[in-house]
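To start, the structure under review is shown below, and the notes come after it.
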Amino acid sequence: MHMQAAMGEAIRSLLAHNVPAMDFEGCQEVLESGAGYNVGATAVSHSTQLASNMPCEDHWDSGTFDHFGREANAKNWNEWSIFDGHAGPRTAQALTMSLAAMIMQRLDENGCFERPYSADDPHTVDTIKQVFIQADEDMVQHTMEQIRSGLPDRAGVVASAATAFSGSCALMALYDPVQHVLRVANTGDSRAVLGRWDGSKYIAHAMSVDQTGFNEKELARITEQHPGEDVVDPKTGRVHGLAVSRAFGDARWKWPQEVSKRAFEMFWGPSPRPDSMIKTPPYLTAEPEVTEVVVQTGGHPDFLVMASDGLWDNMSSDDAITCVQMWLDKNKPTDFLEQQDGGLGAVRAGRPPPQLSAPSLPSILAPVYTTAADVAEEDEDVYFDEEERCLRWRVSPKHFIVEDAHCGVHLIKNALGGKRRDLFTGIMSVQPPLSRRVRDDITVHVVFFGVDTSKTSEQQDR
């Protein structure tokens, strides 16, 4: 395991065992410990992660498909991914290690890098979809064959089955910097939102749609595939108990019942779903929906917010774009490059990246409240949710504060209370396993397009 990942896990374990009352500085340190950057020729990203589960079930990845030789620049696409795991981290871990490389290889083999731009080019879109489906089959179908074969290698079957028993959403953004084309592939309920300038402010444009039973298109698809079955709970939007309608892994929703039962009885697999429920599997697919846009640069270039549902549970898409605009009013996306003593290469994620010049705290921390009206205002926006049986809070721009040099840290902080210091430190102080009732794992990429990192790199090289 990467040394910093091990240290981060040790810190979270220590906090969980001791359950300290975290002050603001401690909360800031935890947020910044999972933050890093990725640098491309015309795009930079601010990425961060805040765990709630132990171990964290979210994983993430970012980088550039580096090619060399003739026409290499046309192939040097940027990639950012978020894998929101559930029922354990194994599926998300496997996708972090393999999916981007599989995508790159297949795009290259199918000649997608050299194709002239055509809106929603089916050749490129189908290639991306095929890789997602193949990656899932490699986990789920391969394990099913092992379980059915009766192989004597019990340990090997158990190890292989771990990625099939748990599950994961997948959100991947691919950016062609030559043709300025951004494609977002989504399986599950992580979300990507584009911020685009309309002449006076940034406006949110959806680059993905949450795939749950509340999605009318998803409900129609499932109903057509499983006529006469009550697959989706209309009250919760759950698919036979699962929160998403598309996912990797989650074999119990994809295997015939006899396979799930054999896995349970012979290989310590999870308890099968009821026989009355699983009639015509599979009920889930890993096939993504792919959304595309030509990125606008210039005076107010586009930016992209990608996040697991832990952020969107607390913050709307519109408010996320407003939150980033407020940050841009006081910061430049490349400020961190100018603060470095040496050059900075691309930070590969999936593991917490090295800490890069931790943003400094303001010299004077603003008080939680300044007037009696502020206290009354919190009374309206912090409330006990009778349905969830938990203290909840509302988030809106009136609660936002801009004090972080890292935009990902800025977003998560404002989703968890913002300038309401007492609320923020209280939320951050809740430790596993209780923290999962309060907040989910949160992973964020904020990708800024239309930047020129070459001048900064040249200055650092000198």
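The values are calculated or read from the model by the stated rules, or taken from the named source; none is laboratory data. As the structure is a prediction and not an experimental result, all values here were calculated from the model. Neighbour counts run over all protein chains shown; Cβ positions are idealised from the backbone, glycine included.
Filter segment 277-292 for residues that are within 19 Å of A164 (Cβ to Cβ) and β-branched (V, I, T) and give the result.
Answer for segment 277-292, where residues must be within 19 Å of A164 (Cβ to Cβ) and β-branched (V, I, T): I278, T285.
I'm trying to understand the selection: among the residues of segment 135-186, which are of a type in the set (S, T, Y), touching a residue at least 24 places away in the same chain (Cβ under 8 Å) and in a helix (DSSP H, G or I)?
The answer is T143, T163.
I'm told D189 meets every condition in (1) more than 15 Å from A286 (Cβ to Cβ); (2) touching a Phe, Trp or Tyr at 6+ places or on another chain (Cβ under 9 Å); (3) part of a loop (DSSP other than H, G, I, E, B) except one. Can you identify the failing condition by its number?
The number of the failed condition is (1).
Is at least one residue of segment 63-84 surrounded by fewer than 21 Cβ atoms within 10 Å (Cβ to Cβ), at pLDDT 95 or above and touching a strand residue (DSSP E or B) at 6+ places or on another chain (Cβ under 6 Å)?
Checked against the condition, which is being surrounded by fewer than 21 Cβ atoms within 10 Å (Cβ to Cβ), at pLDDT 95 or above and touching a strand residue (DSSP E or B) at 6+ places or on another chain (Cβ under 6 Å), segment 63-84 yields at least one hit.
Mind checking which residues of segment 292-313 are polar (S, T, N, Q), buried (at least 17 other Cβ atoms within 10 Å of the Cβ) and either in contact with a Leu (Cβ under 7 Å, 6 or more places away or on another chain) or under 17 Å from F449 (Cα atoms) (or both)?
Those that are polar (S, T, N, Q), buried (at least 17 other Cβ atoms within 10 Å of the Cβ) and either in contact with a Leu (Cβ under 7 Å, 6 or more places away or on another chain) or under 17 Å from F449 (Cα atoms) (or both): none in segment 292-313.
I need the full set of residues from segment 190-226 which are within 21 Å of M326 (Cβ to Cβ), of a type in the set (D, E, K, R) and surrounded by fewer than 21 Cβ atoms within 10 Å (Cβ to Cβ), in order please.
Selection gives R196, D198, K201.
I'd like to verify a number: residues in segment 411-435 that are assigned to a helix (DSSP H, G or I), free of Cβ contacts under 8 Å to residues at least 60 places away in the same chain and surrounded by fewer than 19 Cβ atoms within 10 Å (Cβ to Cβ), how many?
Within segment 411-435, residues that are assigned to a helix (DSSP H, G or I), free of Cβ contacts under 8 Å to residues at least 60 places away in the same chain and surrounded by fewer than 19 Cβ atoms within 10 Å (Cβ to Cβ) number 1.
Go through segment 112-137 and count every residue that is buried (at least 16 other Cβ atoms within 10 Å of the Cβ) and either of a type outside the set (A, V, I, L, M) or within 15 Å of V259 (Cα to Cα) (or both).
8
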